[in-house]
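Since the structure comes first, as structure tokens, the remarks are kept for the end.
The values are calculated or read from the model by the stated rules, or taken from the named source; none is laboratory data. Only a predicted model underlies this, so the values are computations on that prediction, with no experimental measurement involved. Reconstructed Cβ throughout: ideal geometry from the backbone, glycine too, with neighbour counts over all protein chains shown. Accessible surface areas use protein heavy atoms only, side chains included; no ligands, DNA or RNA. Shrake-Rupley method; radii C 1.70, N 1.55, O 1.52, S 1.80 Å.
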Amino acid sequence: MQTQIWLCFLSALASTLAAQAAIVPAPDDQEEPSVVANDNDYFVVWADKRNYGSTEYDIYGARVSATGEVLDPTGIPICTDPGRQTSPRVAFDGEKYLVVWEDDRESTTDSQLYQIYGARVTTSGQVLEPNGFKITTNRVTRLGPAVASDGHGFFVAWEDWLRTDGAIADVYGSPVSSEGVVADPDGIPLVFGAGWQVQPRIAFANGEYLMTYRDNGPLGGPDIWGIRVSTAGQPLSSAFRISNSNDEAGGRYGLASNGRDYFVVWGDSRHSPSGFGYPKIYGTLVRSNGVVASPNGVPIATNSLYQERPRIASDGNDFLVVWQE
């Protein structure tokens with residue numbers, strides 16, 4: 001079975017909702033899409049296997065117009081360096097995109113080493129750093145990047161694996177300028193401790209970032225936690241719990257900002273029979289000062305057996321949540 005990238009363009013006019021689907025065709029599989037909007041259109045990035053025999057997974061992207069037309073039907077090659085490039089994410093700073101991904105090009109036959117790479121792409125589709133520039137150092141394996149913009153530069157967060165004694169995975173990050181300069185390649189420690197702190201997400205509102213993550217450590221969980229971070233990368237708060245059921249399901253949760261506040265959504269297996277996980281969709285508003293409006297979450301979708309892997313976006317006012325059911 002071949003997996004490809006499909007684009008579904010949704011437009012809401014009054015009470016109507018129209019959907020228009022388009023495809024980015026290519027040999028083999030295209031996976032893990034991520035999308036960001038600018039003032040006029042969109043940019044989609046994904047992990048691509050069209051050249052798997054020679055370069056394994058690569059990173060491709062495509063511009064999509066405001067009417068849903070795919071402007072780069074075969075995709076723009078962003079990174080085709082030999083090795084495995086996966087988990088792409090993308091943000092827009094008002095002038096250009098920053099695409100980030102996890103990359104094992106420095107692995108050897110004896111050891112596998114992933115680092116975070118990035119490339120800036122113009123709104124015309126020009127890749128300014130073909131095959132990318134290195135964002136992190138080789139201290140440990142880095143995975144799971146996330147990226148957001150404050151409108152002037154970017155902030156990238158990622159997982160550090162086995163960096164300190166007693167920790168399995170922690171979250172570090174660094175500002176990256178609009179010119180592609182990485183402020184701290186070794187990473188600023190954002191959350192760390194025993195167990196797993198993984199799957200960072202990041203969004204910007206009211207002059208600062210909210211960085212969220214899944215925690216399955218000594219404080220209980222799995223649950224979604226958050227920490228406020230300055231544009232320079234300094235933590236502005238201690239970590240605080242966002243989901244509160246100890247039953248967050250699957251980890252594919254969503255975070256979005258409307259420019260003033262945030263909303264976090266997740267799959268939640270609360271009330272499932274013992275030994276079974278029947279996730280429902282819950283979420284909560286998080287104020288820009290870190291106040292969690294609904295610590296137990298508000299039910300968003302609870303009527304089917306499985307409702308999971310939610311994603312969320314904002315038009316600058318309201319939020320739209322989508323999920324798998």
- Query: If you place +1 on the Cβ of every Lys and Arg, -1 on the Cβ of every Asp and Glu, and leave all else neutral, what size is the dipole of the chain about its Cα centre, to the nearest 20 Debye?
  - Reply: 620
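Accessible area per residue for the chain in Å², computed with a 1.4 Å probe and the full protein assembly in place, what is it? If you can, show how the numbers build up before the last one.
Details: 14410 Å² over 325 residues.
Per residue, the chain has 44 Å² of solvent-accessible surface.
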- Item | Local electrostatic count, I76, Cβ distance below 12 Å [Lys/Arg +1, Asp/Glu -1] | -2
- Could you work out the Kirkwood radius for the range 123-217, taking every pair of different alpha carbons, averaging 1/r and inverting it, reported in Å? 14.0
- Please work out the FRET efficiency for the pair S54 and Q126, using the Cβ-Cβ distance as r and a Förster radius of 25 Å; give the result to the nearest 0.05. 0.55
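Would you mind classifying the range 80-162 by shape? Square roots of the alpha carbon gyration tensor eigenvalues, ordered a ≥ b ≥ c; an a/c under 1.5 is rounded, otherwise it is prolate if a/b is larger than b/c and oblate if not. List each step's numbers first, then the result.
Numbers: a/c = 2.95, a/b = 1.63, b/c = 1.81.
Oblate, since a/c reaches 1.5 and b/c is not below a/b.
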- Could you tell me which of rounded, prolate or oblate describes the chain, using a ≥ b ≥ c as the square roots of the eigenvalues of the alpha-carbon gyration tensor, with rounded for a/c under 1.5 and, failing that, prolate when a/b is larger than b/c and oblate otherwise? rounded
- Message: Among Y52, Y114, Y172, which one shows the highest mean-square fluctuation when the chain is modelled as a Gaussian network with alpha-carbon springs under 10 Å?
- Response: Y52
- Expressed in nm to one decimal, what extension gain is obtained for the pair S294 and S107 from 0.36 nm per residue of sequence separation less their Cα-Cα distance? 62.9 nm
- Item | For the range 132-177, the spread of Cα positions along each principal axis, largest first, Å | 37, 19, 13
- How far is the Cα center of the range 97-141 from the Cα center of the range 22-58, in Å? 16
- Item | Gyration tensor (alpha-carbon) shape descriptor, the range 140-293, a/c threshold 1.5 | oblate
- Query: Of all accessible surface on the chain at a 1.4 Å probe, what whole percent is carbon and sulfur?
  - Reply: 51
